[in-house]
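The values are calculated or read from the model by the stated rules, or taken from the named source; none is laboratory data. What you are looking at is a predicted structure, and each value in this text was computed from that prediction instead of being measured. Neighbour counts are summed over all protein chains in view; Cβ atoms, including those assigned to glycine, are modelled from backbone coordinates with ideal geometry.
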């Protein structure tokens, strides 16, 4: 019974990722695309967590941590690009 719940939640999360991919491709503006990419990162973390529960292992915890760090860095970089036009500022004197 609990396996059915885990499988159903994995399918729902996968559908949510597909919807976010559509928003990345067809987003009306750049901030919408950045939010959709962040949503994909969060959904990937939750999908890995559900797969870890299905397989009854803790081997994927490091993967979830790395995905969280990469999603955060990507969101910050895209937001900085939208705001200033560059990700890394170089000051020349």
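Structure data summary
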| read-out | value |
| --- | --- |
| Residues that are part of a loop (DSSP other than H, G, I, E, B) and on the phi < 0 side of the Ramachandran plot, drawn from the range 52-68 | 57, 58, 59, 60 |
| From 69, 40, 54, residue being crowded, with 17+ Cβ neighbours inside 10 Å and either within 28 Å of residue 84 (Cβ to Cβ) or in contact with a helix residue (DSSP H, G or I) (Cβ under 6 Å, 6 or more places away or on another chain) (or both) | 40 |
| Pair list, Cβ under 8 Å, 6 or more apart: the range 1-28 residue on the phi > 0 side of the Ramachandran plot, other residue at pLDDT 95 or above and crowded, with 16+ Cβ neighbours inside 10 Å | none |
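Residues checked against (1) modelled with pLDDT of 95 or more; (2) outside any loop (DSSP other than H, G, I, E, B):
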{"residue": "16", "(1), (2)": "yes, yes"}
{"residue": "24", "(1), (2)": "no, yes"}
{"residue": "28", "(1), (2)": "no, no"}
{"residue": "40", "(1), (2)": "yes, yes"}
{"residue": "45", "(1), (2)": "yes, yes"}
{"residue": "50", "(1), (2)": "yes, yes"}
